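A.B. asks: Provided herewith is a single structure, encoded as structure tokens, for subsequent inquiry.
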Amino acid sequence: MSTAAVAEHGTSHDDHGHGGHGHTSTGLSNNKLAMWLFLGSECLLFGGLISTYMLYRGRHVKGPGPDQVFSIPYTSVSSFVLLMSSLTMVLAVAEAQKKNIDKAKLWMTVTAVLGATFVGGQIFEFTEFYRKGLGYTTSLFGSSFYTLTGFHGVHVTVGIIMLMAVVGMLRVDKVPGDKAEVIELVGLYWHFVDVVWILIFTLVYLIPA
Amino acid sequence: MAIIEQPRTDVALPAGAGAPAYVTPKQAAGMFARPVAPKGWRDWVFTVDHKKIGIMYGVVAFVFFLIGGIEAGLIRLQLAAPNGKVLSADQYNQMFTMHATTMVFLFVMPMAAAFANYFVPLQIGARDVAFPRMNAFSLWTFVAGAIFVNLSWFLGGGADGGWFMYAPNSTKMFSPGHGVDFWAFGLQITGIASLVGAINLIVTCINMRAPGMSLFKMPIFTWMVMVVQFLLVFAMPVITVALFLLSFSRGFGGAFFDVKQGADPLLWQHLFWIFGHPEVYILVLPSFGIVSEVLPVFSRKPLFGYKFVAISGAAIGFVGWGVWAHHMFASGLGPISVLVFSMATMMIAVPTGVKIINWTLTMWGGKLKFTTAMLFAIGLIIEFTIGGLSGVTHAVAPSDTQQTDTYYIVAHFHYVLFGGAIFGLFSGFYYWWPKVFGRLLNEAWGKANFWLMVIGMNLTFGPMHIIGLQGQPRRMYQYDESNVHTRFWNAISTIGVFFLTIGILCFIVNVVITHRSKNPKVKAPLDPWDARSLEWMTSSPPAAHNFDAIPTVHELDEFFHRKYAVDHDTDEIKQIATAEDIMAEQMAHAEKDIHLPSPSYWPLVVSIALPIIGFGVIYSHIFIAVGAAVAIMGIFGWSMEPSVAPKDDFEPPAPTDGNIKELTA
Amino acid sequence: MSTTVEHATTGHDSHDEHAGHGNSHYYLVALALAILTGLEVLLSYVDIGKAFLPLLMILMMIKFVMVVLEFMHLRKDAKLFHYLFWSGFLLAIAVYIGFLATFKFFLQP
Ligand code: HEM
Ligand SMILES: [Cu+2]
């Protein structure tokens, strides 16, 4: 659903008052309002998944528990990578707002690469856990862990696709409306996904079960 | 759909007259030519006009009302006499599950969306919603999800776990067919529709208001819609989580509800009701908004305590987040939880009571006009209050333990849903029909419609209080002949359904004769009810661009204040202008060269992808890839298409000679 | 809202203030985030007894709020965005804490 929502954000801004700033009752951009609302809504989605995990993380009749599979150093590194992708993303937005679209494209590409590194790391981590005997159906811990981190991973992946799509559309100059705002919207989504990982990293990995 | 319109001088000119001969669609996304000025069915299917979308929402929702009604009828036929043979136990389970699902998710919610889509932009003086294509996407996604849920009837049977689908009872082990899968994924799809629609309408309410319309000058219906959309934005993700857990348990063997592994069976119940309680306000608040518009108009008085009504609506929405576990008093929550949630539930009765008092005081001393719309509004106040009172009896946990899972509960929620939500929607039909279709529904048929429905609902649901307290459980497909009282009241309840059926038929007949009639009397005057809010400052039906000139708002009830003023000599309220005068005034200042968003294929393409993915999840995973490919293609096409077709899509450029010719198709 | 005119869009000027404070600000925030993350990881290796959980929660929230305020620019942005986002966030916290409390989650050893 995020993608569809973003698709409209990217486009409904046009020169005739449907979505532009300055012509709205509050003077705020329709697109940004919609994005913030969407992110507010996502809080309840991830809240539900995190709570389910918290409830179930200690329940593993079969298979390993969290302490037997988690590797804090490994996950710390991949968390760091995602954290830094937020830095590169905000730099992309800053450049876009200064109209340096080329630099913005570059930073967005870097962001996407960092994001992909994170997702790759997550896939590797999953296979590692699977080797240690934690499958999706093994235990309540397994099901709720993979569901939570999997949902987050899908969000990162969607973010990567959006970044690459915007870079591609900027290249052929097919971005309708305000380019800086489109980049800012993708940025908001990206930072949110990062912020969710800040919660997951601490709650899921660092608190011993 | 009008593309570019010239100001018009003839008020009565119906939108849709005249067709442009010279619009040439250009390649927009490099994929399809854009439907710049489609005609016939394409005009509807590709439209992004909030009014057409609203009408389509309404038509589809009404069809599902009939389907849900037929399902209810079968349930009652089965229960008409002891040992009913109409349905098997299994079919009975499917019937009440699908009845409730259809009524809640496929009728009341989309019908409220129909009203919201049509009237919110008009009430706030806007030309469309904030994201017109997202609006079309919401509609088609809802339709796709609704059809998807109902396909289960033909593919192995409907869902059978009750409308709240408690897991583990709804896991593969206890419900091995595909019904629950269709149900879960279908509701996921309609959930997307609701979420997108909600974001769209909130942004519309916040950002698209006419100059001068502050939040506390917004009509009360718009207020209630806005509160509901906030509830949707925050409640939909919770059911999304629950549905995913259920689907993953059923599809991929997730352990979430596997008690052997130590799962807590209350997990689903909590998630469902965290969503479910806000959901009941999602169902009923739009109707509260409608009657809060209707009562003042037909009492010839402003709404009593407008701000209180608005704020108590928001308060209901807010407190509604803290009471969900009152649906679980009998599930072994523990005494502290029961105490907390019991208290919170009693508190929520307060803002609801505020509304009922406000409506009553609105009518107090007014010059009441008992039109059908007004009758339904009064009907709502009375029937909803009955339902509210039985609701308070469940807030008291010890008494609820007696009532849970009996027909007493069924009685309660039908009083609030049928007597509340549905009566409000019918009030809205009669009140706004002339606005939407330019024709007045027949009052005689309307009154028959109303009285039959009132009698029908009290006969159907009233006795359920009694049989419930006598101990008849809900969701029971047969009962035996031993208890004479239950037999009698069950028979009465089924007889009530016949009244309801005839009542609803009266409505359908009314619509048909109104639209067949050649009698000039059915044509609605501009302002048939002497109404108060902005949507009546347009022609009926409104032109594609709604307002010739966007009005500047000075007052709550702007339209009323333009028609009436206090005479300083006599201190009496006097009419200073007619609706016709006001329209003529608008036309005189009509804006030139109005740009409306252009039709688009893409919302439909993306919507269609979703059920394809659903089939993939249930049957063969290849379809997931196909669906995802269609969705991605659709999103790309959408992203690259400007929301208003570029100027060079129109050839020659629109005439600028002040001609009144309208470019519509 | 007006749909009539072909207008020169002026709404974007508000962004110029971001251009004001160069990018070094963002690097500083990132540095702080990195340090806080390091601290968190460190905490989970040393035994500090009862203070561990509260401290970890505080560090987590600081990081969360920093990204939202600085990287998502919420600190400088309109109040309305604050309301929309934080109401979702706080509602989620309240509701799910209530949810976990009914499972006696917080009474576990
Ligand atoms: C058209 C007239 C209607 C009739 C005759 C009717 C009848 C019934 C009956 C007899 C049941 C109980 C089935 C059982 O527990 O064995 C039921 C359940 C239910 N109905 Fe209706 N109903 C009607 C309209 C509605 C409407 C308009 C709504 C909602 C907007 C609604 C929502 C529900 C719900 C939520 C259930 C609970 C299903 C469950 O137990 O899971 N009904 N209905
Ligand atoms: Cu409730």
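The values are calculated or read from the model by the stated rules, or taken from the named source; none is laboratory data. What you see is a predicted model, and the numbers here were worked out from it, not measured in a lab. Ideal geometry is used to build each Cβ from the backbone, glycine not excepted, and the neighbour counts take in all protein chains shown. Side chains are part of the model used for accessible areas, which takes the heavy atoms of the whole protein and leaves out ligands, DNA and RNA. Shrake-Rupley method; radii C 1.70, N 1.55, O 1.52, S 1.80 Å.
A.B. asks: What is the list of residues in region A:96-139 whose amide nitrogen lies under 19 Å from a point 7 angstrom out from the Cα of A:Gln68, following Cα to Cβ?
C.D. replies: Backbone N within reach: A:125-139.
A.B. asks: Among the lysines, select those whose C-alpha is under 27 Å from the C-alpha of A:Lys99, and discard any that sit fewer than 8 residues away in the same chain.
C.D. replies: Candidates past the 8-residue exclusion: A:Lys32, A:Lys174, A:Lys179, B:Lys647, C:Lys76, C:Lys79.
A.B. asks: With +1 on each Lys and Arg Cβ and -1 on each Asp and Glu Cβ, and nothing else charged, work out how big the dipole of region C:22-107 is about its Cα centre, in Debye to the nearest 20. Before the final figure, lay out the partial values.
C.D. replies: Working: 6 positive and 4 negative charges, 43 e Å.
The dipole of region C:22-107 has a size of about 200 debye.
A.B. asks: Mind giving me the FRET efficiency for B:Ile622 and B:Glu443? R0 is 45 Å, r the Cβ-Cβ distance, nearest 0.05 is fine. It would help to have the intermediate numbers written out before the result.
C.D. replies: Values: r = 57 Å, r/R0 = 1.26.
Computed FRET efficiency for B:Ile622 and B:Glu443: 0.20.
A.B. asks: Over both sides of the C-A contact, add up the buried accessible area with a 1.4 Å probe and give it to the nearest 100 Å².
C.D. replies: Details: alone 8890 and 10520 Å², together 14590 Å².
Chains C and A together bury roughly 4800 Å² of accessible area.
A.B. asks: Report the one residue of B:Pro286, B:Gln78, B:Met457 whose Cα lies farthest in the direction of the positive end of the charge dipole of chain B (charges on C-beta: Lys and Arg +1, Asp and Glu -1; origin at the Cα centre).
C.D. replies: Final value for the positive-end residue is B:Gln78.
A.B. asks: Counting other C-beta atoms within 10 Å, and keeping those with at most 13, which DSSP coil GluC sites (Glu not before Pro) do you find in region B:523-608?
C.D. replies: On the way: sites: B:Glu535, B:Glu555, B:Glu558, B:Glu572, B:Glu580, B:Glu585, B:Glu591; in loops: B:Glu555, B:Glu591.
The qualifying sites are B:Glu555.
A.B. asks: Sticking with this one: Quote the accessible area belonging to C:Lys79 in square angstrom, nearest 10, computed with a 1.4 Å probe and with ligands, DNA and RNA left uncounted.
C.D. replies: Accessible area, nearest 10 Å²: 140 Å².
A.B. asks: Among A:109-116, B:266-273, what's the highest-first ranking by average C-beta atoms within 10 angstrom per residue?
C.D. replies: On the way: A:109-116: 19.9, B:266-273: 23.5.
Per-residue Cβ counts within 10 Å, averaged per peptide and sorted highest first, yield B:266-273, A:109-116.
A.B. asks: Turning to a different aspect of this structure: Using r as the Cβ-Cβ distance of C:Leu90 and B:Thr552, and R0 as 51 Å, what FRET efficiency do you calculate, to the nearest 0.05? Intermediate values should be presented prior to the final figure.
C.D. replies: On the way: r = 37 Å, r/R0 = 0.72.
Given R0 = 51 Å and the Cβ-Cβ separation, E is 0.90.
A.B. asks: Something else now. With the cut-off at 1.5 for a/c, could you classify region B:53-179 from its C-alpha gyration tensor as rounded, prolate or oblate? Don't jump to the answer; show the numbers that get you there.
C.D. replies: Values: a/c = 3.12, a/b = 2.01, b/c = 1.55.
Cα axes put region B:53-179 in the prolate bin.
A.B. asks: Report, in deg cm²/dmol and to the nearest 500, the calculated mean residue ellipticity at 222 nm for chain B, where each DSSP H run with n ≥ 4 adds -39500 (n - 2.57) and the sum is divided by the residue count.
C.D. replies: Numbers: 20 runs with 391 residues, N = 665.
So the helix-based figure for chain B works out to -20000 deg cm²/dmol.
A.B. asks: Can you give the average number of partner chain beta-carbon atoms within 10 Å of each beta-carbon in peptide A:139-151, as a whole number? Could the numbers behind the result be given before it?
C.D. replies: Numbers: counts 5, 10, 3, 3, 12, 6, 0, 3, 7, 0, 0, 1, 2.
Mean number of neighbouring Cβ atoms from other chains: 4.
A.B. asks: Tell me the volume per residue, in Å³, of the convex hull enclosing the alpha carbons of region B:568-610. Can you show the working numbers first?
C.D. replies: Values: hull volume 7.2 nm³, N = 43.
Value for region B:568-610: 168 Å³ per residue.
A.B. asks: Translational diffusion coefficient of region A:48-145 at 37 °C, 0.692 mPa s, Stokes-Einstein with Kirkwood Rh over Cα pairs, in µm²/s as a whole number.
C.D. replies: Details: Rh = 15.4 Å.
D = 213 µm²/s.
A.B. asks: How many nm is it between the label spots at B:Ile336 and B:Val350, if each spot is 7 Å from the Cα in line with the beta carbon?
C.D. replies: 2.4
A.B. asks: A further question on this structure: Does chain B classify as rounded, prolate or oblate by the C-alpha gyration tensor (a ≥ b ≥ c root eigenvalues; a/c under 1.5 gives rounded; else a/b over b/c gives prolate, otherwise oblate)? Could the numbers behind the result be given before it?
C.D. replies: Numbers: a/c = 1.86, a/b = 1.30, b/c = 1.43.
Here chain B falls in the oblate category.
A.B. asks: For the protein assembly as shown, what is the charge dipole size about the Cα centre, in debye to the nearest 20, if Lys and Arg each add +1 at the Cβ and Asp and Glu each add -1 at the Cβ? Mind showing how you got there, number by number?
C.D. replies: On the way: 58 positive and 63 negative charges, 325 e Å.
Using Cβ point charges on Lys, Arg, Asp and Glu, the protein assembly as shown gives about 1560 debye.
A.B. asks: Then there's this: Given the protein assembly as shown reduced to its alpha-carbon atoms as identical point scatterers, what log10 I(q)/I(0) does the Debye formula return at q = 0.05, 0.10 Å⁻¹?
C.D. replies: After summing over all Cα pairs, the log10 values are -0.30, -1.26.
A.B. asks: Which whole number gives the average, over all residues in A:53-60, of C-beta atoms from other chains lying within 10 Å of the residue C-beta?
C.D. replies: Numbers: counts 0, 5, 11, 7, 0, 2, 5, 3.
For this peptide, the per-residue mean of nearby foreign Cβ atoms is 4.
A.B. asks: Same structure again: Please compute the average number of Cβ atoms from other chains found within 10 Å of each residue's Cβ in peptide B:257-263.
C.D. replies: Working: counts 2, 5, 0, 1, 12, 8, 7.
Per residue, the number of nearby Cβ atoms from other chains is 5 on average.
A.B. asks: What Kirkwood hydrodynamic radius do you get for region C:22-107 when you take the inverse of the mean 1/r over all pairs of distinct Cα atoms, in Å? Each step should come with its number before you reach the end.
C.D. replies: Working: mean 1/r = 0.0658 Å⁻¹.
Across region C:22-107, the inverse of the average 1/r is 15.2 Å.
A.B. asks: Now, a different point. Counting only protein heavy atoms and a 1.4 Å probe, tell me what percentage of the protein assembly as shown's accessible area is made up of carbon and sulfur.
C.D. replies: Working: 24360 of 34980 Å².
Roughly 70 percent of what the probe reaches on the protein assembly as shown is carbon or sulfur.
A.B. asks: Considering all alpha-carbon pairs of region B:106-253, what whole percent are spaced by more than 27 angstrom?
C.D. replies: Details: 3461 of 10878 pairs.
Percent of Cα pairs beyond 27 Å in region B:106-253: 32.
A.B. asks: Mind giving me the FRET efficiency for B:Arg516 and B:Asp480? R0 is 60 Å, r the Cβ-Cβ distance, nearest 0.05 is fine.
C.D. replies: Details: r = 49 Å, r/R0 = 0.82.
So the FRET efficiency works out to roughly 0.75.
A.B. asks: Now for a separate question. Which of the chymotrypsin sites (Phe, Trp or Tyr not before Pro) found in region B:301-366 are in a DSSP loop and have at most 16 neighbouring Cβ atoms, other than their own, within 10 Å? Don't skip to the answer; put the middle values down first.
C.D. replies: Working: sites: B:Phe304, B:Tyr306, B:Phe308, B:Phe318, B:Trp321, B:Trp324, B:Phe329, B:Phe341, B:Trp359, B:Trp364; in loops: B:Phe304, B:Trp364.
Loop-located and lightly packed - B:Trp364.
A.B. asks: While we're here: Do any of B:Lys217/B:Lys355; B:Lys52/B:Lys592; A:Lys105/B:Lys592 go past 29 Å between their Cα atoms, and which?
C.D. replies: A:Lys105/B:Lys592
A.B. asks: Say each of B:Asn83 and B:Gln575 gets a label point 7 Å from the Cα, pointing the same way as Cα to Cβ; how far apart are those two points in nm?
C.D. replies: 6.8
A.B. asks: How big is the accessible area of B:Asp264 in square angstrom, nearest 10, if you roll a 1.4 angstrom probe over the protein chains?
C.D. replies: 40
A.B. asks: Along each of the three principal axes of the Cα atoms of region B:454-569, give the extent in whole Å, ordering the values from largest to smallest.
C.D. replies: The principal-axis extents, from largest down, are 72, 40, 32 Å.
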